[in-house]
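So the structure is just underneath, and the comments pick up after that.
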Amino acid sequence: MPQPNIILTGFMGTGKTTLGLLLAKRIDYEFIDTDAMIEGQIGQTITELFQKRGEAAFRKLESELVEKLAQKEGLVIATGGGLVLNPRNVALLRKTGKIICLTASPEEILVRVTKSPNVRPLLQEEDPQAKIIELLRQRSSVYQQFLQLSTSDLSPDKLVEEILRLTQSP
């Protein structure tokens with residue numbers, strides 16, 4: 001029986017990795033974090049890659065990874081927040097499963113990413129909250145094409161339940 005992938009996308013700090021890990025464990029799927037996978041492939045952090053080779057090089061690596069992942073099933077995939085800005089990536093992922101966009105308020109995103117040990121290259125700005133708002137505005141039309149799930153008000157366990165409900169609906 002086919003095991004369609006579950007793809008979690010959305011802006012940084014919305015819970016893709018946290019919920020993806022919980023979900024994969026719950027349904028016995030393999031968990032893939034695209035950013036972590038790329039870091040493993042290149043032997044450096046995303047931040048270092050951005051500094052040394054730029055965002056375009058990172059986006060190329062993302063697209064190459066999506067092509068490989070689109071050949072598999074039984075995966076929970078947590079994408080980098082910008083991966084779905086490429087329509088080809090979206091088309092390939094949609095063939096393999098359902099894409100759900102996790103959301104949170106700009107204020108909550110800032111709190112979450114500030115607590116995280118991960119450095120966010122796109123937020124290395126004097127006013128990271130303004131940058132978050134700007135990036136959310138730029139990406140809103142892309143993110144709107146997917147099922148939306150706010151991660152602001154529910155526990156991780158309840159959110160996993162909601163993701164399962166969303167993936168089982170037509």
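The values are calculated or read from the model by the stated rules, or taken from the named source; none is laboratory data. Worth saying up front: this structure is predicted, and the values here are computed from it rather than measured. Quick reminder, even Gly has a Cβ in these numbers, built from the backbone with ideal geometry, and neighbours come from all protein chains shown.
Within the range 32-41, can you find the residues that are surrounded by fewer than 17 Cβ atoms within 10 Å (Cβ to Cβ) and within 19 Å of Pro156 (Cβ to Cβ)?
The answer is Ala36, and nothing else.
If you check Glu161 against the conditions, is it over 18 Å from Gly13 (Cα atoms), without any contact (Cβ under 8 Å) to a residue 12 or more places away in the chain and surrounded by 11 or more Cβ atoms within 10 Å (Cβ to Cβ)?
Taking the combined requirement at face value, the residue satisfies it.
Can you name the number of the only condition in (1) more than 23 Å from Glu134 (Cα to Cα); (2) surrounded by fewer than 17 Cβ atoms within 10 Å (Cβ to Cβ); (3) among the aliphatic types (A, V, I, L, M) that Leu65 fails?
(2)
If we scan the range 15-23, do we find a residue that is under 13 Å from the mean Cα position of the chain (by Cα), buried (at least 19 other Cβ atoms within 10 Å of the Cβ) and assigned to a loop (DSSP other than H, G, I, E, B)?
The answer is yes; a qualifying residue exists.
All but one of (1) over 24 Å from Thr151 (Cβ atoms); (2) surrounded by 16 or more Cβ atoms within 10 Å (Cβ to Cβ); (3) free of Cβ contacts under 8 Å to residues at least 24 places away in the same chain hold for Gly54, so report the exception by its number.
Unmet for Gly54, out of (1) over 24 Å from Thr151 (Cβ atoms); (2) surrounded by 16 or more Cβ atoms within 10 Å (Cβ to Cβ); (3) free of Cβ contacts under 8 Å to residues at least 24 places away in the same chain: (2).
Scan (1) assigned to a loop (DSSP other than H, G, I, E, B); (2) within 16 Å of Leu8 (Cβ to Cβ) for the single condition Glu62 breaks and write down its number.
For Glu62, the exception is condition (1).
In the range 70-89, what count of residues is obtained for those that are within 12 Å of the chain's Cα centre (by Cα) and surrounded by fewer than 20 Cβ atoms within 10 Å (Cβ to Cβ)?
1
From the list Ile7, Ile27, which residue is out of contact with any Pro (no Cβ under 9 Å at 6 or more places or on another chain), surrounded by fewer than 17 Cβ atoms within 10 Å (Cβ to Cβ) and within 20 Å of Leu166 (Cβ to Cβ)?
Ile27
I want to confirm something. Restricting to the range 49-87 and keeping residues that are touching an Asp or Glu at 6+ places or on another chain (Cβ under 9 Å) and among the charged types (D, E, K, R), which single residue is nearest to Leu21 (Cα to Cα)?
Only one residue fits best here, namely Lys72.
Give me a count of the residues in the range 35-59 that are assigned to a loop (DSSP other than H, G, I, E, B) and over 17 Å from the mean Cα position of the chain (by Cα).
Total meeting the criteria: 3.
Is the range 95-113 home to any residue that is of a type in the set (Ser, Thr, Tyr), under 25 Å from Lys131 (Cβ atoms) and in contact with a strand residue (DSSP E or B) (Cβ under 9 Å, 6 or more places away or on another chain)?
Yes, because at least one residue in the range 95-113 is of a type in the set (Ser, Thr, Tyr), under 25 Å from Lys131 (Cβ atoms) and in contact with a strand residue (DSSP E or B) (Cβ under 9 Å, 6 or more places away or on another chain).
Got at least one residue in the range 47-59 being modelled with pLDDT of 95 or more and either of a type in the set (A, V, I, L, M, F, W, C) or touching a Gly at 6+ places or on another chain (Cβ under 6 Å) (or both)?
no
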